[in-house]
Amino acid sequence: MCLVVCAIDTLAPTIDGGPCDESASVFEQYQKARTQFVQTIAELATRPQNIETLQNAGVMSLLRPLLLDVVPTIQQTAALALGRLANYNDDLAEAVVQGDILPQLVYSLSDQNRFYKKAAAFVLRAVAKHSPELAQAVVDCGALEALVICLEEFDPGVKEAAAWALGYIARHNAELSQAVVDAGAVPLLVLCVQEPEVALKRIAASALSDISKHSPELAQTVVDAGAIAHLAQMILNPDAKLKRQVFSALSQIAKHSVDLAEMVVEAEIFPAVLTGLKDSDEYVKKNVATLIREIAKHTPELSQLIANTGGIAAVVDYIGECNGNVRLPGIMMLGYVAAHSDTLAMAVIVSKGVPQLAICLSEEKEDHIKAATAWALGQIGRHTPEHARAVTAANILPKLLSLYMDTESSEDLQLKAKKALKNILQKCTHLPALETLLHDAPTSILKHVVGQFSKVLPHDSKARRLFVTSGGLKKIQEIKAEPGSSLQEYINTINNCYPEEIVR
């Protein structure tokens with residue numbers, strides 16, 4: 001910090017009317033001191049442990065006049081220092097707003113050199129990133145128009161800095177995103193995606209993703225500017241960070257409606273997009289799986305198209321090769337596909353989706369992932385006895401029951417496990433699988449189990465014999481059911497299948 005103190009001390013030298021070369025030397029010292037001061041602050045601001053001390057020293061008010069310094073390097077370094085401080089936390093970003101620094105930056109954006117423009121856009125981005133309120137403050141000082149003009153600059157670094165700031169403003173909510181659109185940013189961002197510089201492509205794709213995510217109308221604006229075709233061309237680009245943003249943007253567009261999802265599919269992204277599920281970059285893989293999920297969820301036709309290109313098997317392999325939150329979009333995609341029709345659910349079964357989901361149910365530690373897995377298994381098993389049997393063959397029912405009954409399970413997991421159990425049980429006619437639940441299930445589940453026995457036993461003599469020898473009938477007699485309840489009716493139906501002395 002002594003460097004800062006020295007720099008402050010030399011900021012105001014006294015000129016005593018000495019010889020000409022002496023006053024020139026003093027001015028030189030003054031300039032050197034200012035330069036050293038801003039460079040030191042910019043350097044200190046890169047280390048978190050210095051931030052509080054700088055804040056307490058009132059550094060914001062010292063940097064502000066230097067934004068209008070006659071020396072361009074001092075201006076740029078002052079802006080850089082402010083950006084680093086504002087980037088650190090929302091208190092410092094708030095201090096930039098309160099210090100009336102934003103209008104100064106916006107004003108300078110139009111008539112300064114490219115280095116200053118990059119630094120000024122960095123400050124605007126650093127302020128806007130923290131909250132919708134701070135982003136609104138950036139919008140209110142007229143920054144959008146200035147940033148959009150920067151998107152037309154020749155220098156790719158200036159375009160990148162402007163695109164980044166616009167994306168950070170748009171990401172908070174639909175209103176801010178709409179303000180970015182109204183300022184005319186989208187067509188210019190689509191042009192930036194076509195530039196040769198990979199870094200600029202990345203940031204422009206990310207900004208388009210941030211604009212698209214809030215509503216169908218905003219996504220439609222991005223589509224109308226021709227974004228999909230240019231994004232689709234980059235799905236096999238070797239740069240992992242670019243692919244992350246491309247897949248993110250396409251999934252943010254596709255998620256809103258059938259029409260938008262169809263437009264993404266019509267850009268002929270399948271089957272090429274499936275190679276992304278095996279990418280070495282985890283974020284690329286996750287974003288590809290999310291894109292496939294967002295397309296699959298809309299209609300049976302879109303799910304069928306994915307199935308026809310080998311998408312279901314590719315996603316099953318994908319969830320076998322990763323874990324945690326990276327798995328989640330793949331698990332949900334299988335659930336959405338299976339929910340559409342019995343044919344698509346059978347396609348998931350044939351692609352060995354059930355054993356893989358059973359592994360997820362056992363391996364995963366987090367409740368929200370287990371809940372999604374339980375839901376997906378329920379969607380597969382709910383169609384026909386054949387579907388239910390495929391699920392019960394993987395020993396899913398006891399796992400779902402234990403998750404439902406575990407007091408440690410979250411409310412959502414208990415709910416999803418119970419719903420999945422009901423869905424599968426209502427189609428399950430494989431009695432050995434049902435018997436495993438007779439001894440442990442609470443009444444809320446037991447009535448569905450007993451209900452299935454009451455449907456199957458009257459029509460299957462072999463099953464009736466096995467039910468006695470396995471101890472199932474004995475267990476039925478031990479169940480305490482409310483007189484007149486559906487559970488009691490199911491028990492009566494089962495008892496009526498046997499002679500009275502066997503029941504006794």
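The values are calculated or read from the model by the stated rules, or taken from the named source; none is laboratory data. These numbers come from a predicted model, not from an experiment. Glycine gets a Cβ as well: all are built from the backbone with ideal geometry, and neighbour counts include every protein chain shown. Surface accessibility is based on the protein's heavy atoms, side chains included, excluding ligands, DNA and RNA. Shrake-Rupley method; radii C 1.70, N 1.55, O 1.52, S 1.80 Å.
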(message) Going by what's in this entry, would S341 be described as of a type in the set (S, T, N, Q) and surrounded by 24 or more Cβ atoms within 10 Å (Cβ to Cβ)?
(response) no
(request) With the checklist (1) buried (at least 20 other Cβ atoms within 10 Å of the Cβ); (2) over 24 Å from E408 (Cβ atoms); (3) not hydroxyl-bearing (S, T, Y) in hand, flag the one item L357 doesn't pass. (result) (2)
(message) Quick check on this structure: which one of A463, A433 is among the small types (G, A, S) and closer than 23 Å to A339 by Cβ?
(response) A433
(request) Of the conditions (1) outside any loop (DSSP other than H, G, I, E, B); (2) surrounded by fewer than 24 Cβ atoms within 10 Å (Cβ to Cβ); (3) touching a helix residue (DSSP H, G or I) at 6+ places or on another chain (Cβ under 7 Å), E301 clears all except one; give me its number. (result) (3)
(request) Identify all residues within segment 393-412 that are surrounded by fewer than 23 Cβ atoms within 10 Å (Cβ to Cβ) and closer than 20 Å to V350 by Cα; write none if there are none. (result) A393, A394, N395
(request) Looking at (1) open to solvent by less than 10 Å² (accessible area, probe 1.4 Å); (2) out of contact with any Asp or Glu (no Cβ under 7 Å at 6 or more places or on another chain), find the lone condition where A170 falls short. (result) (2)
(message) Going residue by residue through segment 276-286, is there one that turns out to be among the β-branched types (V, I, T) and over 18 Å from the mean Cα position of the chain (by Cα)?
(response) no
(request) Give segment 337-379 a look and list any residue that's assigned to a helix (DSSP H, G or I), within 16 Å of T299 (Cα to Cα) and touching a residue at least 40 places away in the same chain (Cβ under 8 Å), or say none. (result) V337, A338, A339, H340, D342, L344, A345, A347, Q379
(request) Just give me the residues in segment 43-61 being part of a helix (DSSP H, G or I) and either basic (K, R) or open to solvent by less than 60 Å² (accessible area, probe 1.4 Å) (or both), in sequence order. (result) L44, N50, I51, L54, V59, M60
(message) Can you say whether T309 is touching a Phe, Trp or Tyr at 6+ places or on another chain (Cβ under 7 Å), touching a residue at least 12 places away in the same chain (Cβ under 8 Å) and farther than 30 Å from L434 by Cβ, as far as the supplied structure shows?
(response) yes
(message) Checking the structure you have, find out if any residue of segment 355-372 is within 25 Å of P271 (Cα to Cα) and hydroxyl-bearing (S, T, Y).
(response) no
(request) Kindly indicate which of A163, A137 is modelled with pLDDT of 95 or more and assigned to a helix (DSSP H, G or I). (result) A163
(request) Would you check if V158 is modelled with pLDDT of 95 or more, out of contact with any strand residue (DSSP E or B) (no Cβ under 9 Å at 6 or more places or on another chain) and open to solvent by less than 30 Å² (accessible area, probe 1.4 Å)? (result) no
(request) For segment 216-229, enumerate the residues that are open to solvent by less than 50 Å² (accessible area, probe 1.4 Å) and either touching a Ser or Thr at 6+ places or on another chain (Cβ under 8 Å) or assigned to a helix (DSSP H, G or I) (or both). (result) L218, A219, T221, V222, V223, A227, I228
(request) Taking V96 as meeting all but one of (1) of a type in the set (A, V, I, L, M, F, W, C); (2) under 32 Å from the mean Cα position of the chain (by Cα); (3) under 22 Å from Y30 (Cβ atoms), write down the number of the exception. (result) (3)
(message) With the requirement that a residue be more than 20 Å from T493 (Cβ to Cβ) and either among the hydroxyl-bearing types (S, T, Y) or open to solvent by 70 Å² or more (accessible area, probe 1.4 Å) (or both), what does segment 413-431 give you?
(response) L415, K419
(request) Just name the residue that is farthest from L425 (Cα to Cα) out of those in segment 360-383 that are buried (at least 23 other Cβ atoms within 10 Å of the Cβ) and β-branched (V, I, T). (result) T373
(request) For P196, indicate whether it is open to solvent by 40 Å² or more (accessible area, probe 1.4 Å), on the phi < 0 side of the Ramachandran plot, without any contact (Cβ under 8 Å) to a residue 40 or more places away in the chain and not in a helix (DSSP H, G or I). (result) yes
(message) Return the pair list, or none, for Cβ contacts closer than 8 Å from residues in segment 218-245 that are at positive phi to residues that are at pLDDT below 95 and not in a helix (DSSP H, G or I), at least 6 apart or on different chains.
(response) none
